[in-house]
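See below for the structure under consideration.
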Amino acid sequence: MKRAESLGLIKGIKWSQEGESITHLQFADDTIVFLQLKIMSICNLKTVLQILQLVSDIIGCKQGEWPLSYLGAKLGSNPRRKVFWKLLVDKCKDKLSAWKCCSLNQAGRTTLIKSVFNSIPIYWFQIYKIPKGIRDSIDKLRRGFFLGEIGQKYAQDRRKLHLINWKQVCMPKCKGGLGIGNLKARNHALLLKWWWRWFKDIDFYWWRVIKNKYNLLPYKGIEKCASREDLSYITKDICSVKDEPWRSQFLFVSSIRWQVRNGESVFF
């Protein structure tokens, strides 16, 4: 519409002599068109709408449903329900198949877990606090694949002997582990990253939305709105990390540093 107006194909309406013209207003599911009562504008508007229809067919636009799936996660569903996480657990099961378990040695299985499997739940981890039961289910899959216990070859009565505690295996290499990673720590670290981004992304649109929605002060952390009752599930989970027993709030505050520079992002 703006392009058609700039080319002189349609003529919008001016609210005042000095003001700019307006051709349309768009809302969630409505569009209001403002045009001068001229045959040329009406005919060209029809052409614009026909082009929009053709483009929509070309790119395969379809009417979606809510809740929708984004990067594997069901946005709009209740993450407090177990069925919400079924898609993630099933996806993890499919990735660690029995034939891969049998065809790779332990070094290969370790590499696959670290490079492929650990990246599957990243999006979920950075917006939701994963329930303990779901976290244990995913960890059980990782442990079984690492030990070669997935598939018919290693049935329940032929389980391998665990010579090293799984917790130790997940530790970083500098601490005697294989660097597979702790799921709980990774989940909390990704949620804490939003605390850091709150101070860093002050020019981003999401920052302005959260600030205005919850009436937050720019120099106060995003976790300050944790006591509100109207928080979304995602915001609740991001704020809830501060209540963890390992004092994540203290860890975060003690690990950040302010750079004064021009002073615009530093509040005294």
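Since every read-out is calculated from the coordinates, none of them should be taken as a lab result. Keep in mind that what you see is a predicted model, and the values were worked out from it rather than measured. Every residue, glycine as well, gets a Cβ built from its backbone with ideal geometry; the counts of neighbours run over all protein chains shown.
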Simple spin-label estimate for F27 and I39 in nanometres, 7 Å along Cα-Cβ:
3.4
Residue span K140 to N105: 0.36 nm per residue of separation minus Cα-Cα distance leaves a gain in nm of 10.7 nm
Can you list the lysines whose alpha carbon is less than 19 Å from that of K175, not counting same-chain residues fewer than 8 positions off?
K114, K167, K184
The range 69-181, relative contact order in percent, only Cα pairs under 8 angstrom and at least six apart counted
24
FRET efficiency for L7 and I122, Cβ-Cβ distance as r, R0 = 45 Å, nearest 0.05?
0.50
Under a point spin-label approximation (7 Å from Cα along Cα-to-Cβ), what is the I234-H162 distance to one decimal in nm?
3.6
Compute the signed sum of charges (Lys and Arg +1, Asp and Glu -1) over the other residues within less than 13 Å, Cβ to Cβ, of I10.
+4
From a point 7 Å beyond the Cα of Q259 in the direction of its Cβ, which residues of the range 192-227 have a backbone N at a distance under 20 Å?
193-204, 219
First measure r as the distance between the Cβ atoms of K220 and N78, then evaluate 1/(1 + (r/R0)^6) with R0 = 35 Å and state the FRET efficiency to the nearest 0.05.
0.75
